[in-house]
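The values are calculated or read from the model by the stated rules, or taken from the named source; none is laboratory data. Note that the structure is predicted; figures quoted are calculated from it, not measured. Cβ coordinates were reconstructed from backbone atoms using ideal geometry, including for glycine residues, and neighbour counts include every protein chain displayed. Only protein heavy atoms, including side chains, enter the accessible area calculation; ligands, DNA and RNA are left aside. Shrake-Rupley method; radii C 1.70, N 1.55, O 1.52, S 1.80 Å.
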Amino acid sequence: MNPYALSILLSSLAMGTITTLSSSHWFLAWVGLEINTLAIIPLMTKMHHPRATESATKYFLTQATASALILFSAITNAWATGEWTIITMNDNTSTFILTIALSIKLGIAPFHLWLPDIMQGLNLTTCLILTTWQKLAPMSLMIMTSHQLNTSLLITMAMLSTVVGGWGGLNQTQMRKMMAYSSIAHLGWMTLVLSFSPSLTALNLMIYLMLTSSMFLMMMTLTATNMNKLSTSWLKTPLLASLMMITLMALGGLPPTSGFLPKWLILQEMTKQHLETVSTLMAMSALLSLFFYLRLSYAISLTTAPNTSNSNMTWRVSHNQMQTLPTMITLTTMMLPITPTLLAMLN
């Protein structure tokens, strides 16, 4: 792609998200979401492949439906209350429609079916943008309106998302689809605690962004898009393969990695709210996701052929992604000791 066109598209992506994050009026927030959607579609189609075109079309139709619902929700609320500000969603019908619309935008179950299919047709860089940057604007709107959303609906969707995210990833061999189901499961955890502690949702989102970014950067460095390619990575770059295993354990939420932090705090908060059954079911559904992360770790480390490889070891990787990768991996693995500091910052 032409570098000038690419810089305009990336600037539009940034501008759309920042517009939504900084707005207090529904119409301005909707405009930001629209700019965001329109800016990523050319990035999706830059591969010139029928699968990429199909993904871009599906993405456009899904996001256009969600945007129409958001606008309809805002207009209904303005009609009922006379207010256009984001934090005054006092109409029950409007908040219900808004919850559905933002769930479609994010890919929360049962509105998740578009995400794995679309990600399978994109390159890894666009997948990285789709699973990280594109989640910021809709999630910020959910956090801003969290005190007015239906708690029972959010808990139901959260539990469904963690189960679907874990169950859907079990049978996959394609890395992009696995990361899509991983994203759905993580969004379930964020949605669960949204009504009770929006600051915990923000913390979970921050850690999810770091974990997913480091995972995609490693996949881009190894050019691995399926489990077969991943299984040869130990012979080429053993250090990066071992760090990928640790990142997968962080995604699964095992201590002492950073991924354990949000799950621990969310389960603690849910227990404080006397929702022990929900906490138990969420903890059990997290085991489904952990299983396919362990399966990937097994493919990376324990399926190496016993014979000597004929290829040279790639001990000096000349990728631009390697510049940010050490920082991302450090944050992925070592944030648990600074938990009190993070909580103090968010509160």
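At-a-glance table
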quantity	calculated
Output for region 274-298, where each listed residue is open to solvent by less than 10 Å² (accessible area, probe 1.4 Å), under 20 Å from N226 (Cα atoms) and of a type in the set (A, V, I, L, M)	L296
When residues of region 62-121 are limited to those that are of a type in the set (D, E, K, R) and assigned to a loop (DSSP other than H, G, I, E, B), the one surrounded by the fewest Cβ atoms within 10 Å (Cβ to Cβ)	E83
Residue satisfying all of: in region 36-61; touching a Phe, Trp or Tyr at 6+ places or on another chain (Cβ under 9 Å) and of a type in the set (V, I, T); surrounded by the fewest Cβ atoms within 10 Å (Cβ to Cβ) among these	I41
Every residue from region 168-177 that is touching a strand residue (DSSP E or B) at 6+ places or on another chain (Cβ under 8 Å), in a helix (DSSP H, G or I) and over 16 Å from M215 (Cβ atoms)	none
Qualifying residue in region 30-37 (condition: more than 16 Å from L130 (Cα to Cα) and out of contact with any helix residue (DSSP H, G or I) (no Cβ under 6 Å at 6 or more places or on another chain))	yes
Subset of region 129-167 [in contact (Cβ under 8 Å) with a residue 40 or more places away in the chain, in a helix (DSSP H, G or I), open to solvent by 30 Å² or more (accessible area, probe 1.4 Å) and of a type outside the set (V, I, T)]	W133, L136, M144, H147, Q148, L153, M159, L160, W167
Residue within region 194-214 that is closer than 20 Å to F260 by Cβ and without any contact (Cβ under 8 Å) to a residue 12 or more places away in the chain present	yes
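So that you can scan it fast, the table gives a plain yes or no per residue for (1) more than 16 Å from N204 (Cα to Cα); (2) outside the structural domain of L248 (by the TED database); (3) hydrophobic (A, V, I, L, M, F, W, C):
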residue	(1), (2), (3)
A158	no, no, yes
T162	no, no, no
M175	yes, no, yes
A180	yes, no, yes
S183	no, no, no
H186	no, no, no
